[in-house]
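Down below is the structure, laid out as structure tokens.
The values are calculated or read from the model by the stated rules, or taken from the named source; none is laboratory data. Note that this is a predicted model, so its numbers are computed, not measured. Ideal geometry is used to build each Cβ from the backbone, glycine not excepted, and the neighbour counts take in all protein chains shown. Calculation scope for accessible area: heavy atoms of the full protein, side chains included, ligands and nucleic acids excluded. Shrake-Rupley method; radii C 1.70, N 1.55, O 1.52, S 1.80 Å.
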Amino acid sequence: MNENILLVEDEEALRMTLRDRLQSEGYVVDLAADGEQGYEKATRLPFDLIILDIMLPHCNGLDVCRGIRLAGLATPILLLTARGQTVDKVVGLKLGADDYVTKPFDTMELMARIEVLLRRSAPRTSQGLHKFGSIRVDFRATQVTRNGELVYLTAREFQLLRYLIERSGTTLSRAEILREVWGYEGGTFSRTVDVHVASLRQKLEELPKKPRWIVTVPGLGYRFQG
Ligand code: CA
């Protein structure tokens, strides 16, 4: 499962280096260059983990951290602190951050901390089970059954399905789906989404041409209803 990570860091070089490293580890990475953008993305999009620099322009990482918790989100937060800023660490943890690493840090150590936090956090979907019609999706076991029979989904199909289910009732554009599920920016491969949606419909819908669960919203994108 490719977890989604939001990286909030104003130093461009570090932001790019970390993004590349995280992507090479298989994570889907979204970026924010300041606190406001970080807060906006953290509260609007679903993430499995947030890496949050403390020293940020406009609105610092501690304020962002507090804001995220006040918004009721339990997403694990890993703070990036500057050497010697012990006070920041303490305040950060009190404000609801889960862990921190001190700059300059060893990337290996950062990756290890990320893994621990991801393992510790609960799955985003409550109980890890979702049912609609004759379909049963087990998010923890990454398994889908239809009328009690196992349906084989590719890893990407499963991620797409999970993404759609978690935003049930919301219309999602192809560009948005591509960015969040595939990690692509720019939305130039929009057929990719259509192909995967068609495949999911074949596997899950009674009438794939008249889908009941994954519906097309003309001119906009797709929406899961269930
Ligand atoms: Ca900074």
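At a glance:
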| read-out | value |
| --- | --- |
| Residues satisfying the stated conditions in the range 67-87, i.e. basic (Lys, Arg) and either within 14 Å of the ligand (Cβ to nearest atom) or part of a loop (DSSP other than H, G, I, E, B) (or both) | 83 |
| Subset of the range 1-39 [more than 16 Å from the ligand (Cβ to nearest atom), under 14 Å from the mean Cα position of the chain (by Cα) and open to solvent by 20 Å² or more (accessible area, probe 1.4 Å)] | 1, 2, 3, 23, 26, 27 |
| Of all residues in the range 40-61 being charged (D, E, K, R) and away from the ligand (no atom under 16 Å from the Cβ), the one that is farthest from the chain's Cα centre (by Cα) | 40 |
| Near pairs, Cβ below 8 angstrom, 6+ apart or cross-chain, from the range 128-151 (under 14 Å from residue 164 (Cα atoms) and open to solvent by less than 50 Å² (accessible area, probe 1.4 Å)) to any residue that is assigned to a loop (DSSP other than H, G, I, E, B) and modelled with pLDDT of 85 or more | 132/213 |
| Subset of the range 47-66 [assigned to a loop (DSSP other than H, G, I, E, B) and touching a residue at least 60 places away in the same chain (Cβ under 8 Å)] | 48 |
| Pairs where the first residue, in the range 1-27, is more than 17 Å from residue 115 (Cβ to Cβ) and the second is open to solvent by less than 60 Å² (accessible area, probe 1.4 Å) and of a type in the set (Asp, Glu), C-beta under 7 Å, 6+ apart | 8/53; 9/53; 10/34; 10/53; 15/9 |
